[in-house]
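Chemist: One structure is given below, represented as structure tokens, and several questions about it will come after.
The values are calculated or read from the model by the stated rules, or taken from the named source; none is laboratory data. These numbers were taken from a predicted model, which means no experiment stands behind them. Neighbour counts are summed over all protein chains in view; Cβ atoms, including those assigned to glycine, are modelled from backbone coordinates with ideal geometry. Only protein heavy atoms, including side chains, enter the accessible area calculation; ligands, DNA and RNA are left aside. Shrake-Rupley method; radii C 1.70, N 1.55, O 1.52, S 1.80 Å.
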Amino acid sequence: MHSEFYTYLRLGWQHIADYRAYDHILFVIALCAMYLPSEWRRLLILVTAFTIGHSLTLALSALNILVLPSKVIEFLIPVTILITALLNYQSSKNSSQIPIYKYFLPLIFGFIHGMGFSNYFKSLLGKEESVVKPLFAFNIGIEIGQLLIVFLFMAITYLFVNFFKIKHSKWSKLISGIIVLLALYLMWETKFW
């Protein structure tokens, strides 16, 4: 018999790993695209900032403190993906100098993505007396899933840059360009007007 904590942890992990919810995966890859595997510490800060924003919004939503129209949120999620991918073009010019806003955007974008998860999370809670333990476990599961995506993408980046000798700047632009196209498609699919 599984504990409640493990159940919510697994649900968080599965929600990230679900290929049908690939918008979240695209966002994490867009965050990763400009970094080399040796820059994993910077990337970890960005992913964790995203998770913090995500967690705060889930908590506020689960407690019915913050409620936004789901149609607007579903549109804003691909907007965050588009902005992140486009910023990779600017940042790739001088990756040693990362603008300070690049660290705050994942936190802000985490708020938006958290709202996207809020209805799903509320349905999972059902009649739970406290949201603290399930929320914590669910977010740990999400973080584990995100870190796995980061690890896999960094392994692929390492392979292309070191074995196939593709310049990292070209690799970053290619991945970011693909993500821009997919984000535009998702924006078209989720437009609310």
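Chemist: When the Debye formula is applied to the Cα atoms of the stretch 35-87, each taken as the same point scatterer, what base-10 log of I(q)/I(0) results at q = 0.15, 0.31, 0.32 Å⁻¹?
Modeler: -0.59, -1.14, -1.14
Chemist: Quick one: what does P(r) look like for the stretch 1-159 with 5 Å bins over all Cα pairs, in whole %?
Modeler: Pairs per bin, as whole percents: 2, 9, 18, 23, 19, 13, 8, 5, 2, 1, 0.
Chemist: Pop out the ³J(HN,Hα) list for the stretch 185-190 in order, Karplus 6.51 cos²θ - 1.76 cosθ + 1.60 with θ = phi - 60°, rounded to Hz; leave Gly and Pro as x.
Modeler: Couplings: 4, 5, 5, 5, 5, 10 Hz.
Chemist: Right, here's the next one. For the pairs Lys71/Lys170; Lys122/Lys191; Lys71/Lys102, flag any whose C-alpha to C-alpha distance is greater than 29 Å. Walk me through the numbers before you get to the answer.
Modeler: Numbers: Lys71/Lys170 35 Å; Lys122/Lys191 24 Å; Lys71/Lys102 26 Å.
Over 29 Å Cα-Cα: Lys71/Lys170.
Chemist: With a probe of 1.4 Å, find how much accessible area the chain has per residue, and write the answer as a whole number in Å². Don't jump to the answer; show the numbers that get you there.
Modeler: On the way: 10490 Å² over 193 residues.
Heavy-atom SASA per residue in the chain reads 54 Å².
Chemist: Per-residue accessible area for Ile83 at 1.4 Å probe radius, Å² rounded to 10?
Modeler: Counting only protein heavy atoms, the figure is 70 Å².
Chemist: For the stretch 32-49, take each phi angle, set θ = phi - 60°, evaluate the Karplus expression 6.51 cos²θ - 1.76 cosθ + 1.60, and give the result in whole Hz per residue in order, putting x for glycine and proline.
Modeler: Working through the residues one at a time gives 6, 3, 8, 9, 7, x, 5, 9, 4, 5, 4, 5, 4, 4, 5, 5, 5, 4 Hz.
Chemist: Let me ask something else about it. Stretched out fully, how many nm does the piece from Tyr22 to Phe164 gain, at 0.36 nm a residue minus the Cα gap? It would help to have the intermediate numbers written out before the result.
Modeler: Working: separation 142, 0.36 × 142 = 51.12 nm, distance 2.68 nm.
Full extension from Tyr22 to Phe164 adds 48.4 nm.
Chemist: Next up: Loop only by DSSP, 16 or fewer other Cβ within 10 Å of the Cβ. Give me the trypsin sites (Lys or Arg not before Pro) in the stretch 133-181 that pass, ordered by residue number. All intermediate terms of the calculation are to be shown ahead of the outcome.
Modeler: Numbers: sites: Lys165, Lys167, Lys170, Lys173; in loops: Lys165, Lys167.
Answer by residue number: Lys165, Lys167.
Chemist: Hey, another quick one. Restricting attention to the stretch 145-178, which chymotrypsin sites (Phe, Trp or Tyr not before Pro) occupy a DSSP loop and are surrounded by at most 13 other Cβ atoms within 10 Å? Write out the running numbers ahead of the final one.
Modeler: Numbers: sites: Phe151, Phe153, Tyr158, Phe160, Phe163, Phe164, Trp171; in loops: Phe164.
Sparse-neighbourhood loop chymotrypsin sites (Phe, Trp or Tyr not before Pro): Phe164.
Chemist: May I pose another question? Of the accessible area of the chain, with the probe set at 1.4 angstrom, what percent is carbon plus sulfur?
Modeler: Working: 7300 of 10490 Å².
Ligands and nucleic acids excluded, carbon and sulfur reach 70 percent.
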